[in-house]
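Below: the structure, in structure tokens.
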Amino acid sequence: MSDRIVVVSNRLPLTARRSGGRWHGERSSGGLVAALGPVLEQTNGLWIGWPGDAPSGDTTGRTKLLRQWERDHGFAAVDLPPGVGRAFYEGYSNNTLWPLLHGFPSRVTFDPETWHAYRDANERFAAGVIDRVRPDDLVWVQDYQLMLLPGLLREARPEVRSGFFLHVPFPPPEIFRILPQREAILQGLLGADVIGFQTHEHMGAFRRSLLQILGIESRMDQVEVGGRVVSLEARPIGIVTDEWERLVSSDAVVAKRITDLHARHAGRRLILAVDRLDYTKGIPERLRAFRHFLVSRPGWRRKVTFIQVAVPSRERIPRYADLRRQVSEMVGEINGELGTATWSPVIYLRRSIPRSELAALYAAADVGWVASLRDGMNLVAKEYVACQRDRAGVLLLSELAGAAGEMGEAIRVNPYDEPGSAEALDRALSMPEEERAERQAVLLERVRRNNALVWAERSVADIARAGRDPGQVPGSVPVPPVTEIRRAFRSAARRACYLDYDGTLVPIAARPSEAVPSAAVGEVVGALARRRNTTVVIVSGRSVLDLERWFGDLKGTWLAAEHGALLRPPGTDEWRPLRPGADVEWKERVRPVLEHFAARAPGSTIEEKEFSLAWHFRLVEPEFGDWLANEVAAALDQQLAGTELAVLRGNKIVEVRFAWANKGEVVAHVRSLGETAGFELAIGDDRTDEDLFERLPDDAWSIRVGPGSTRARYRLPDPAAALALLATLGVSTRRTH
């Protein structure tokens, strides 16, 4: 791996602490640190993140320590002012995004001030990356705290390859769309070259949100945006399996602790749950299910002990303090109601515990119980399997955790189903040893194979490949060379410019009537048309009335309405059909079909023009509208087979028109009336403009505006960019023809 990796996460793997009058770095442990450490070491990489709160007093020693970290360890600090850091992390990240992404909309808090802090923090992280990144680096942004960062990096350093990985779930669009800043978050993510998710379910929810919120269509594993392709990957994270296996197989401290646990709980089966103290982990739901198990199956009393490890989390946030009280009360009630003088049903450990102690608990437990209400992955499930190694414990796994998609040999449970969870626990405790061993062996092999190092290396390779080989991705089209186009325009004796309207000169609007050109559009097109020996053709699906109203005063310009069915040559007010005498009685057969579908899709409308009928569905729910449009097109294709009519799928429109009324025929007609231009330019944004691009010679300057597969040679991101290009051509120079 030759490219340097720059990892960016909310926190650094080191935290700056002061004790005894001296500053020191306290190293963090965890799956992400273990997974990325070897990759960073291999590439002499850099890790950028927040080092913890800065004190209000003397910070000279801290600053010196942070510089030493970057020099000696490759850990670069991004400092956040205390107010910004708290509102960014405890506020927007964990009171807004965390519950939203986990599918708990009722717990989401909306506060404009925390959003400002989130944006501020992401901008500070961007500045920290921009100051240090090299052109050949691969930047890999981690998790929901930094969802704006890829877009900020794209804007400042578009040449740098970047990826983003979301460790938590992505919710369905019905939930995500309640976020006031939903567009900004999605656009921020789309700045990356690769966006990674834990599961295909999360990736599919993201794709649906792009469609429903931004109106951006995507293929299974990629989306085109701004003239480039963003790859989408479902790549579940793993654990460093070897480390956990080594602890239970060769660590003397762990071995002694396992022996002590077996002795202390002799004659009883151990059930283990390990969680952060978070409402997404289903701790109260699991306690209720365990109580149901003991009440409904009294024969298991005094024969099982449930150990609940709950690591404190975000304790300054009130709802987490409420959860802590709730869990403590429930444990007390279960032990008080069902326990005896010699047996407590639940052992509750509300603290962080060393990895060696955790490995011993994993290894000693007969059942590992994961009851997440929603989880991106849940690595506890994988750690439990790794520490069981050659033992035969049973994994009880919530079907709502991302790990459930990988770990089919576990007993899957619905954490909201108390009786069902109690029954599953009974099954796990009663399972024959042969079946337990068989399930464990398959799970362990999969956990070993899909480990954290494999996840990291494959993810980095995805970023390197996506950024390095854009030309190998279908639909990837380069940006037009503006200087070269201007030079060709000025040197040509005659010039012709074919311009679409909607989505090219003006942005697409929710209602066609709202897409009115600004004064700048008229000025740019007018300046271009006034250039000597320059033919400008506005060729649009719009009606005669629309084009007359907006461009009727541009006497030196061709106007082509209804995709070219009607033409107004320069120097005249008269509109002429491209093919005189066309019969439009077919409308009476087609109109009822479109009316039927319009009635099924509230928000859709029918537009009648002289030579065509169109069904607009931009205001219809996107997925339903696209699905129904396919049905409309199929029904009309069958009805109109053998006629000279064509059914056209455009940008949120299905249109019936004459097959000969297309933009390519306009090109042929204009070229037939005069000397062929030495410079030809065509700009359009949807499928109707592909006829235009196809009819022009290979050396013409054809430009697609926006995403989508195309025959055009070049691509611009939006109408503003197209207008800017045209403005440079309309500017007068010394050389005129």
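The values are calculated or read from the model by the stated rules, or taken from the named source; none is laboratory data. Values in this document were obtained by computation on a predicted structure and should not be read as measured data. We place every Cβ from the backbone using ideal geometry, glycine too, and count neighbours over all the protein chains shown.
Being crowded, with 24+ Cβ neighbours inside 10 Å and in contact with a strand residue (DSSP E or B) (Cβ under 6 Å, 6 or more places away or on another chain), is that true of even one residue in segment 421-442?
First pass over segment 421-442, keeping only residues crowded, with 24+ Cβ neighbours inside 10 Å: 421, 425.
Restricting the remaining residues to those that are in contact with a strand residue (DSSP E or B) (Cβ under 6 Å, 6 or more places away or on another chain) gives 421.
Checked segment 421-442: at least one residue is crowded, with 24+ Cβ neighbours inside 10 Å and in contact with a strand residue (DSSP E or B) (Cβ under 6 Å, 6 or more places away or on another chain).
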Original post:
Are there any pairs with C-beta distances below 6 angstrom linking a residue in segment 304-330 that is farther than 16 Å from Val370 by Cβ to a residue that is at pLDDT below 95 and part of a strand (DSSP E or B), with the two at least 6 apart or on different chains, and if so which?
Top reply: Ser313/Arg276
Original post:
Which one of Trp660, Trp627 is of a type in the set (A, V, I, L, M, F, W, C), under 25 Å from Pro580 (Cα atoms), surrounded by fewer than 21 Cβ atoms within 10 Å (Cβ to Cβ) and out of contact with any Phe, Trp or Tyr (no Cβ under 9 Å at 6 or more places or on another chain)?
Top reply: Trp660
Original post:
If you take the residues in segment 160-216 that are outside any helix (DSSP H, G or I) and among the hydroxyl-bearing types (Ser, Thr, Tyr), which one is farthest from Trp115 (Cα to Cα)?
Top reply: Thr199
Original post:
Within segment 297-311, is there a residue that is hydroxyl-bearing (Ser, Thr, Tyr) and either surrounded by 23 or more Cβ atoms within 10 Å (Cβ to Cβ) or in a helix (DSSP H, G or I) (or both)?
Top reply: no
**OP:** Residues being among the aromatic types (Phe, Trp, Tyr) and in contact with a strand residue (DSSP E or B) (Cβ under 6 Å, 6 or more places away or on another chain): count how many of those fall in segment 659-693.
**Re:** 2
Original post:
Is it fair to say Thr605 is under 25 Å from Tyr501 (Cα atoms), crowded, with 21+ Cβ neighbours inside 10 Å, outside the structural domain of Leu210 (by TED's automatic domain parsing) and among the β-branched types (Val, Ile, Thr)?
Top reply: no
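Kindly indicate which of Gly678, Gly674 is touching a helix residue (DSSP H, G or I) at 6+ places or on another chain (Cβ under 9 Å), of a type outside the set (A, V, I, L, M, F, W, C) and under 16 Å from Thr535 (Cα atoms).
Working: Gly674 fails: touching a helix residue (DSSP H, G or I) at 6+ places or on another chain (Cβ under 9 Å).
Among Gly678, Gly674, only Gly678 is touching a helix residue (DSSP H, G or I) at 6+ places or on another chain (Cβ under 9 Å), of a type outside the set (A, V, I, L, M, F, W, C) and under 16 Å from Thr535 (Cα atoms).
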**OP:** Taking only segment 187-221 into account, find how many residues are farther than 17 Å from Pro707 by Cα, more than 11 Å from the chain's Cα centre (by Cα) and surrounded by fewer than 21 Cβ atoms within 10 Å (Cβ to Cβ).
**Re:** 2
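Among the listed residues Thr572, Thr643, identify the single one that is assigned to a loop (DSSP other than H, G, I, E, B), outside the structural domain of Ile538 (by TED's automatic domain parsing), more than 35 Å from the chain's Cα centre (by Cα) and more than 19 Å from Pro512 (Cα to Cα). Reasoning before the result, please.
Details: Thr572 fails: outside the structural domain of Ile538 (by TED's automatic domain parsing).
Only one candidate qualifies: Thr643.
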**OP:** Would you tally the residues in segment 315-374 being surrounded by 18 or more Cβ atoms within 10 Å (Cβ to Cβ) and either aromatic (Phe, Trp, Tyr) or assigned to a strand (DSSP E or B) (or both)?
**Re:** 8
**OP:** Test each condition in (1) exposed (fewer than 15 other Cβ atoms within 10 Å of the Cβ); (2) within 30 Å of Gly581 (Cβ to Cβ) for Asp553 and report the one that comes out false.
**Re:** (2)
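Okay, residues lined up against (1) over 26 Å from Asp131 (Cβ atoms); (2) more than 27 Å from the chain's Cα centre (by Cα); (3) modelled with pLDDT of 80 or more:
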position	(1), (2), (3)
Leu14	no, yes, no
Leu40	no, no, yes
Asp58	no, yes, no
Leu65	no, yes, no
Asp72	no, yes, yes
Val84	no, no, yes
Glu113	yes, no, yes
**OP:** Identify the single condition in (1) surrounded by fewer than 19 Cβ atoms within 10 Å (Cβ to Cβ); (2) of a type outside the set (Val, Ile, Thr); (3) in contact (Cβ under 8 Å) with a residue 12 or more places away in the chain; (4) not assigned by TED's automatic domain parsing to the domain that holds Gly526 that Leu648 does not satisfy, given that it satisfies every other one.
**Re:** (1)
Original post:
Of all residues in segment 287-315 being closer than 15 Å to Asn335 by Cβ and charged (D, E, K, R), which is nearest to the chain's Cα centre (by Cα)?
Top reply: Arg288
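Inspect all residues belonging to segment 588-600 and state whether any of them is under 30 Å from Gly730 (Cα atoms), of a type in the set (Val, Ile, Thr), in contact (Cβ under 8 Å) with a residue 24 or more places away in the chain and in a helix (DSSP H, G or I). Before you say what the answer is, go through the steps one by one.
Let us first name the residues in segment 588-600 that are under 30 Å from Gly730 (Cα atoms), namely none.
No; the residues of segment 588-600 include none that is under 30 Å from Gly730 (Cα atoms), of a type in the set (Val, Ile, Thr), in contact (Cβ under 8 Å) with a residue 24 or more places away in the chain and in a helix (DSSP H, G or I).
Where in segment 660-737 are there helices (runs of 4 or more DSSP H), lying fully within it, with 3 or more residues that are closer than 18 Å to Arg486 by Cα and over 35 Å from the mean Cα position of the chain (by Cα)? Don't jump to the end; show me each part of the working.
Numbers: elements: 663-672, 690-695, 719-730.
Those helices (runs of 4 or more DSSP H) span 719-730.
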Subject >> For Val254: the one exception among (1) in contact with a strand residue (DSSP E or B) (Cβ under 6 Å, 6 or more places away or on another chain); (2) surrounded by 21 or more Cβ atoms within 10 Å (Cβ to Cβ); (3) closer than 26 Å to Ala386 by Cβ >> reply: (1)
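Name the single residue that is surrounded by the fewest Cβ atoms within 10 Å (Cβ to Cβ) among those in segment 630-640 being within 31 Å of the chain's Cα centre (by Cα) and within 17 Å of Ile606 (Cβ to Cβ). Lay out the reasoning, then the answer.
Restricting attention to segment 630-640, the residues satisfying the condition of being within 31 Å of the chain's Cα centre (by Cα) are 630-633.
Those left that are additionally within 17 Å of Ile606 (Cβ to Cβ): 631-633.
Details: Glu631: 12, Val632: 24, Ala633: 17.
Checked segment 630-640; the qualifying residue surrounded by the fewest Cβ atoms within 10 Å (Cβ to Cβ) is Glu631.
Among the residues of segment 322-340, count how many are of a type in the set (Ser, Thr, Tyr) and either within 29 Å of Arg107 (Cβ to Cβ) or touching a strand residue (DSSP E or B) at 6+ places or on another chain (Cβ under 6 Å) (or both). Reasoning before the result, please.
Taking segment 322-340 as the starting set, the residues that turn out to be of a type in the set (Ser, Thr, Tyr) are 328, 340.
Filter once more, so that each one left must be either within 29 Å of Arg107 (Cβ to Cβ) or touching a strand residue (DSSP E or B) at 6+ places or on another chain (Cβ under 6 Å) (or both): 328.
Counting residues in segment 322-340 that are of a type in the set (Ser, Thr, Tyr) and either within 29 Å of Arg107 (Cβ to Cβ) or touching a strand residue (DSSP E or B) at 6+ places or on another chain (Cβ under 6 Å) (or both) gives 1.
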